[in-house]
1. I'd like the Karplus ³J(HN,Hα) series for region 46-52: coefficients 6.51, -1.76, 1.60, θ = phi - 60°, whole numbers in Hz, and an x wherever there's a Gly or Pro.
2. Hey, what do the phi angles of region 34-41 turn into as Karplus ³J(HN,Hα) couplings, whole Hz, using 6.51/-1.76/1.60 and θ = phi - 60°, x for Gly and Pro?
3. Just check region 1-71 against the gyration tensor rule for me: Cα atoms, a ≥ b ≥ c as the square roots of the eigenvalues, rounded for a/c under 1.5, and otherwise prolate or oblate depending on whether a/b exceeds b/c.
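The numbers here are math on the coordinates, done by the rules we state, and not lab data. Everything numeric here is computed off the predicted structure, so don't read it as measured data.
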Amino acid sequence: MGLLRLLVTGAAVAAGAHYITKKRPDGTSIADDLKAKAPEWMEKAKPYTDKVKPYVDQVKGQFAKVTSQQGTSQQGNYPNKYDNFSADPDPSYSS
């Protein structure tokens, strides 16, 4: 079932990419239109990014705090049986 879902998803993505890049009679495609309009959309979005910046900085600070706490608290949580790891568990064995 998973393979069938993967095949259907792949076919849908391929068909979508083909549709977006297919050239029209005037020689342009939907992808060309998106590329041409992207700078305009970026300019329209700039006022909103200034409003969101304080929240982004706050989340970045919280994320850095959480990751630094996890890094110190998870060290040494492995069971003691893994402390004496040897690459060759039975050196007397020869094949």
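1. Once rounded to whole Hz, the list reads 4, x, 6, 5, 5, 6, 8.
2. Once θ is set to phi - 60°, the couplings for region 34-41 become 5, 5, 5, 8, 4, x, 5, 5 Hz.
3. Since a/c reaches 1.5 but b/c is at least a/b, the shape of region 1-71 is classed as oblate.
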